[in-house]
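Trainee: This structure is in structure tokens; I'll ask about it shortly.
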Amino acid sequence: MSSRTVDAQDCAIVARGLTKRYGQLTVLDGVDLEIGHGEFVVLVGPSGSGKSTVLHLIAALEPADGGELIVAGQALHRHARGMSRFRRREIGIVFQLHNLIPRLTARENVEAAMFGTHRGHRERTDRATELLERLDLADRADERPTTMSGGERQRVAVARALANEPKVLLADEPTGSLDTASADIVLEIFAELIAGGTTILAVSHDARLNAHANRLVPIVAGKTEPAAP
């Protein structure tokens, strides 16, 4: 765990002794993490160390096998039901492999994240258009992911993650496939989110992104390691 300790009441994310196994393989073996509201924290470490799995557990995409996990005030191990609603209301996720729906346009992919919210059709369309414009994708809004470059798909994935104005943004290599101009746009948006109180937890090997984080938290062999002084 990082040497910085945050009062639990001021935390957007608290993980204590988090474990995860797939069959006989232990992927996480005691992750401790405390992230305050409005912090920008990046998980770093070698490939296969469990960083992406931490994001999946925090996003309630799958359950932990042990430990305690509290995200945006919700004790996830106590709320097996309603996780889709929880994610839609509290969490934004940027997947490393984008996870866009191929048959939908960029705008429709962003709109899809808002289904089941208070926003009506026109509001969803306007919000999606606004986000795509902000990410310099206005001219690609009606294109499908299969016709877009990897960097464009990544920016659509960022727009989708921001659609519901999440309290916690989880991002797996959000700038890794972006050129400098596109990465700068994403980093500027992240800075605005942090200033507005959004918490960001990212996994990244990108020095451009890591340089903007409040903290880097190393994970090695499924465990959080003390940060370098």
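Trainee: If we count every other residue with Cβ under 14 angstrom of residue 58's Cβ, Lys/Arg +1 and Asp/Glu -1, where does the sum land? Please list the in-between numbers first.
Mentor: On the way: positive: 16, 20, 51, 87, 167; negative: 32, 34, 39, 62, 68, 90, 172.
Neighbour charge sum, excluding residue 58 itself: -2.
Trainee: For 115, 95, which order do you get if you count the other beta carbons within 10 Å of each Cβ and list the fewest first? Mind showing how you got there, number by number?
Mentor: Values: 115 9, 95 21.
With the sparsest Cβ surroundings first, the list reads 115, 95.
Trainee: Using the crude model of +1 on Lys and Arg Cβ and -1 on Asp and Glu Cβ, and no other charge, please compute the dipole size for region 12-105 relative to its Cα centre, in debye to 20.
Mentor: 500
Trainee: If you wrap a convex hull around the alpha carbons of the chain, what volume per residue comes out, as a whole number of Å³?
Mentor: Here the figure is 126 Å³ per residue.
Trainee: Listed highest first by mean packing, meaning other Cβ atoms within 10 Å per residue, what order do 63-76, 193-206, 31-44, 151-164 come in?
Mentor: Numbers: 63-76: 17.2, 193-206: 18.9, 31-44: 20.8, 151-164: 23.9.
So the order, starting with the most tightly packed, is 151-164, 31-44, 193-206, 63-76.
Trainee: What does the extension gain come out to for residue 24 and residue 147, with contour length at 0.36 nm per residue minus their alpha carbon separation? Working shown, then result.
Mentor: Values: separation 123, 0.36 × 123 = 44.28 nm, distance 4.04 nm.
Net length gain for the segment: 40.2 nm.
Trainee: Excluding residues fewer than 8 places away in the same chain, name every one of the lysines whose C-alpha is closer than 23 Å to that of residue 223.
Mentor: The qualifying lysines are 20, 51.
Trainee: Please report the Cα spread of region 77-152 along all three principal axes, rounded to whole Å, starting with the longest.
Mentor: 43, 29, 22
Trainee: Now a separate question. Helix-derived [θ] at 222 nm for the chain: sum -39500 (n - 2.57) over DSSP H runs of at least 4, divide by residue count, nearest 500?
Mentor: -9000 deg cm²/dmol, from helical runs alone.
Trainee: Between region 57-78 and region 93-158, what is the separation of their alpha carbon centroids in Å?
Mentor: 27
Read-outs throughout are calculated quantities, based only on the coordinates presented, and are distinct from any laboratory measurement. Computed from a prediction, not measured in an experiment: that's the story for all the values here. Every residue, glycine among them, receives a Cβ derived from its backbone with ideal geometry; neighbour counts consider all protein chains shown.
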